[in-house]
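The values are calculated or read from the model by the stated rules, or taken from the named source; none is laboratory data. Quick caveat, the model's predicted, so the values are computed rather than measured. Reconstructed Cβ throughout: ideal geometry from the backbone, glycine too, with neighbour counts over all protein chains shown. With ligands, DNA and RNA removed, areas are computed over all heavy atoms of the protein, side chains included. Shrake-Rupley method; radii C 1.70, N 1.55, O 1.52, S 1.80 Å.
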Amino acid sequence: MRLTEQQIRSLYGQDVQDRSGAKIGSVGQVWADAVGEPTWVSVKTGLMGHHESMAPLEGSRMEQGKLALAYDKATVRGAPSVETGTDEPLDADQLAQLYAHYQLEEPSQPQRQPADRAEVTRSEERMRVGTRSEPAGAARLTKHVVTEDVHTTVPVEHDEVRIEHEPVAAGDRSARADIGDEQREMQLRAERPVVSKEQVPVERVRLTKDEVVEEQPVDERLRREQVEANVPEPARRRG
């Protein structure tokens, strides 16, 4: 919450309520950060005697002359406290306890360099190359029915009739000498090709895959910092 100087002065003694609108107490003191921005307030809850609970101003707002904090009453009343009426700055241990209690990220403090040394940190980009698996299409097996003409031969049998003449010997009584019309019949047999079909499995066809490693070029533009020192000639070391 960014407050004007007039609003900061008006905070003292104002009622404080939690995020649900329940009253917690009243403002005791206000603490500002290094650039003068108000960051913490102490709340007189009436439960700690001569101590006041600390609360962050982050996320708070002013509603009808009351300071509405972004936390519930139990959290504020259970926070680390300071003595009533104190005007001492918060030390590092107190701030660490407050940030931990309210689960806030503690701001980093700039490091001071010795007066006899000046340094900067040079950074550069490094390229990390990895791989990512992604679909590259699908392989399918598709079976079609095709028709082909097959020519072959098969041996077949059939009966053929031939006529034989055999003289009857004299005295052969088995032969009759009747004269008249007569007919005799002989059954003949012949084979013909017969074709039938059957379905038989002949082979298995499957898809398999192998992992092949190949080298692919990767081009990227990286940035890096260069440090230039501008030292006056009289102060430059020679050697």
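DSSP finds beta bridges in the chain, and of those with both partners inside it, around 90 percent are antiparallel. In the context of the full set of protein chains, residues of region 9-56 present 48 Å² of accessible surface per residue (probe radius 1.4 Å, heavy atoms only). Ligands, DNA and RNA left out, the 1.4 Å accessible surface of the chain is 46% carbon and sulfur atoms. Heavy-atom accessible area, probed at 1.4 angstrom with all protein chains present, ranks H158, H101 as H158, H101, highest first. Residues L69, L104 ordered from highest to lowest accessible area at a 1.4 Å probe: L104, L69. In order along region 205-217, the Karplus-derived 3J(HN,Hα) couplings, from 6.51 cos²θ - 1.76 cosθ + 1.60 at θ = phi - 60°, round to 10, 9, 9, 10, 10, 10, 7, 10, 9, 9, 8, 10, x Hz, and Gly and Pro are given as x. With all protein chains kept in place, the per residue accessible area of region 135-191 amounts to 122 square angstrom at a probe of 1.4 angstrom. For a modelled paramagnetic label at Q216, 7 Å from Cα along Cα-to-Cβ, the residues of region 123-150 in reach, with backbone nitrogen under 12 Å, are 130-136. Summarising the amide proton neighbourhood of H51: residues at separation of 5 or more, or on other chains, whose placed amide H is nearer than 5 Å comprise T84.
Give me the net charge of R19's neighbourhood, meaning all other residues with Cβ under 13 Å from the Cβ of R19; Lys, Arg count +1, Asp, Glu -1. After counting each charged neighbour, the total is 0. Only DSSP H runs of four or more residues enter the estimate; each adds -39500 (n - 2.57), and after division by the residues of the chain the mean residue ellipticity at 222 nm equals -2500 deg cm²/dmol.
Rounded to the nearest 10 degrees, the angle from helix 92-101 to the longest Cα principal axis of the chain is 40 degrees. Put simply, when 190-199, 10-19, 57-66, 140-149 are sorted by average Cβ atoms within 10 angstrom per residue, most first, you get 10-19, 57-66, 190-199, 140-149. Normalised size of the chain, defined as Cα radius of gyration per 2.2 N^0.38 Å with N residues, equals 3.13. Couplings for region 166-174, taken from phi via the Karplus curve 6.51 cos²θ - 1.76 cosθ + 1.60 with θ = phi - 60°, read 10, x, 8, 6, 4, x, 7, 7, 6 Hz in order; Gly and Pro are left as x.
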